[in-house]
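Student: One structure is given below, represented as structure tokens, and several questions about it will come after.
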Amino acid sequence: METSLAKCVQEKPFHIVTPLLESWPLSQVAGTPVLLKYENVQPTGSFKIRGIGHFCQEMVKKGCRHFVCPSGSNAGIAAAYAARKLSIPATIVLPEGTSLQVVRRLQGEGAEVQLTGKVWDEANLRAQELAKNDGWVNVPPFDHPLIWEGHSSLVHELKAELGTPPDALVLAVGGGGLLAGVSAGLAEVGWHHVPIIAMETQGAHCFNAAIKAGRLVTLPDITSVAKCLGAKTVAARALACTKELKIFSEVVEDAEAVSAVQRFLDDERMLVEPACGAALAAIYSGLLGRLQAEGRLRPSLASVVIIVCGGNNIDSGELQALRAQLGQG
């Protein structure tokens, strides 16, 4: 019986099918129907559980006995959640500035927490060292085919609910795992032609910098307040996706992302972090209309889907502090 239960846990996905709902306020701003894919209601608070849950389940089949994950918060929470479900110990390595609420959430999932360095890249180096222990597996937050495979499930859900493709799909880019997974999903369901609007904040714009340079670029530092977009170098697979699909890489200022978080809270009564605000800013900042005016998107759009990626690195106090820091208080 226990063996059967363990096998069931390993096979059943840890993510849920999330709601896809039309937003009246955002549709009014955009002048076209805007559909929100609410990944913020996943059990771990973000889309990350799709890819990381899938990765962890596959690694257990191969004999993993301990997970280690370098994270800005959301990947670590997904890894800790998956580890608890699989009854496997987990060590989550985070930058030293990680919020206490994230640390407590990880400890609540039963994970060991280590704080190392100022940014994710430094935490990643520590995780790679720990992964040399026998039976330990490093859980990559964004750069692995199994992660992308898990994230592609999101597009299959869109296909099942919509039937016909949207005229554009908006998402935020950090390390590029969601972009790579969504690109794979679009190819799998035959929606290659759907343009992706890939949003970043200035100071965490490694994808945009790579596109402009025509090669991977490592940012000198992460200066954006959207810390969960804070990989200095995007995954190579994300850059390769630009050769296969129509992807518009766009960068907004921190002020636009944080303003979008506040407006989304007022409009939809949901609080998301600035990384998600970058995606929402595609509507609130007028970017979508600009792309239409420039002829890069059709002048008349039947629907636009925004992936509300969610995030755990936010509360009302943090939002107020960010607004004050950016002169919005």
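Student: In region 205-223, which residue that is without any contact (Cβ under 8 Å) to a residue 40 or more places away in the chain and assigned to a loop (DSSP other than H, G, I, E, B) is least open to solvent (accessible area, probe 1.4 Å)? So that I can check it myself, show each step before the final result.
Tutor: From region 205-223, those without any contact (Cβ under 8 Å) to a residue 40 or more places away in the chain are 206, 209-220, 223; that's our starting set.
Narrowing further to those that are assigned to a loop (DSSP other than H, G, I, E, B): 214-220, 223.
On the way: G214: 62, R215: 144, L216: 72, V217: 30, T218: 93, L219: 13, P220: 121, T223: 97 Å².
Applying the filter and picking the extreme gives L219.
Student: Return yes when I306 is assigned to a strand (DSSP E or B) and in contact (Cβ under 8 Å) with a residue 24 or more places away in the chain and no when it is not. Full working, then the answer.
Tutor: Numbers: assigned to a strand (DSSP E or B): yes; in contact (Cβ under 8 Å) with a residue 24 or more places away in the chain: yes.
In short, yes.
Student: Still on this structure: For region 98-136, enumerate the residues that are modelled with pLDDT under 90 and basic (K, R).
Tutor: If the condition is that a residue be modelled with pLDDT under 90 and basic (K, R), then K118 is the only one that fits.
Student: With the checklist (1) in contact (Cβ under 8 Å) with a residue 60 or more places away in the chain; (2) surrounded by 21 or more Cβ atoms within 10 Å (Cβ to Cβ); (3) not acidic (D, E) in hand, flag the one item T18 doesn't pass.
Tutor: Unmet condition: (2).
Student: May I pose another question? In region 11-37, which residues are more than 20 Å from L291 (Cβ to Cβ) and either in contact with a Leu (Cβ under 7 Å, 6 or more places away or on another chain) or assigned to a loop (DSSP other than H, G, I, E, B) (or both)?
Tutor: Passing the criteria: K12, P13, F14, H15, I16, V17, T18, P19, L20, L21, E22.
Student: Here's another thing I want to ask about it. Tell me which residues, restricted to region 298-329, are open to solvent by less than 10 Å² (accessible area, probe 1.4 Å) and modelled with pLDDT of 95 or more.
Tutor: V304, V305, I306, I307, V308
Student: Sticking with this structure for a sec: Out of the residues in region 143-175 that are in contact (Cβ under 8 Å) with a residue 40 or more places away in the chain and small (G, A, S), which is surrounded by the fewest Cβ atoms within 10 Å (Cβ to Cβ)?
Tutor: The residue in question is S153.
Student: Only one residue in K246, K227 is of a type in the set (K, R) and either open to solvent by less than 40 Å² (accessible area, probe 1.4 Å) or modelled with pLDDT of 95 or more (or both), so which one is that?
Tutor: K246
Student: Taking only pairs six or more apart or across chains, which ones have beta-carbon atoms under 9 Å, a first residue in region 229-244 that is in contact (Cβ under 8 Å) with a residue 12 or more places away in the chain, and a second residue that is open to solvent by 40 Å² or more (accessible area, probe 1.4 Å) and of a type in the set (S, T, N, Q)?
Tutor: K232/T218; T233/T218
Student: Being touching a strand residue (DSSP E or B) at 6+ places or on another chain (Cβ under 9 Å), surrounded by 16 or more Cβ atoms within 10 Å (Cβ to Cβ) and under 18 Å from S152 (Cβ atoms), is that true of even one residue in region 78-99?
Tutor: Checked region 78-99: at least one residue is touching a strand residue (DSSP E or B) at 6+ places or on another chain (Cβ under 9 Å), surrounded by 16 or more Cβ atoms within 10 Å (Cβ to Cβ) and under 18 Å from S152 (Cβ atoms).
Student: Let me ask something else about it. Sort through A257, A279 and tell me the only one that's in contact with a Pro (Cβ under 9 Å, 6 or more places away or on another chain), modelled with pLDDT of 95 or more and either outside any loop (DSSP other than H, G, I, E, B) or within 26 Å of G181 (Cβ to Cβ) (or both). Steps first, please.
Tutor: Numbers: A279 fails: in contact with a Pro (Cβ under 9 Å, 6 or more places away or on another chain).
Unique residue meeting the criteria: A257.
Student: Given the conditions (1) surrounded by fewer than 19 Cβ atoms within 10 Å (Cβ to Cβ); (2) farther than 21 Å from L125 by Cα, and given that A236 satisfies all but one, which numbered condition is not satisfied?
Tutor: (2)
Student: Do you know which of the residues in region 59-77 that are over 23 Å from V308 (Cα atoms) and in a loop (DSSP other than H, G, I, E, B) is most open to solvent (accessible area, probe 1.4 Å)?
Tutor: K62
Student: Any residue in region 84-113 that's more than 12 Å from T44 (Cβ to Cβ): show its pairings with residues that are open to solvent by 40 Å² or more (accessible area, probe 1.4 Å) and of a type in the set (G, A, S) at Cβ separation under 8 Å, as long as the two are six or more apart or on different chains.
Tutor: Pairs that qualify, where the first residue is more than 12 Å from T44 (Cβ to Cβ) and the partner is open to solvent by 40 Å² or more (accessible area, probe 1.4 Å) and of a type in the set (G, A, S), are S87/A6; P89/G110; A90/G110.
Student: Being open to solvent by 10 Å² or more (accessible area, probe 1.4 Å) and either modelled with pLDDT under 95 or over 20 Å from N312 (Cβ atoms) (or both) is the requirement here; does P140 meet it? Outline the logic, then answer.
Tutor: On the way: open to solvent by 10 Å² or more (accessible area, probe 1.4 Å): yes; either modelled with pLDDT under 95 or over 20 Å from N312 (Cβ atoms) (or both): yes.
Yes: the conditions hold for P140.
Student: Please work out which residue is farthest from F142 (Cα to Cα), limiting yourself to region 176-190 and to residues that are open to solvent by 10 Å² or more (accessible area, probe 1.4 Å) and not in a helix (DSSP H, G or I).
Tutor: G190
The values are calculated or read from the model by the stated rules, or taken from the named source; none is laboratory data. Keep in mind it's a predicted model, so treat the numbers as computed, not measured. Note that we place each Cβ from the backbone using ideal geometry, even for glycine, and neighbour counts take in every protein chain shown. What goes into the accessible areas is simple: the full protein's heavy atoms, side chains included, and nothing from ligands, DNA or RNA. Shrake-Rupley method; radii C 1.70, N 1.55, O 1.52, S 1.80 Å.
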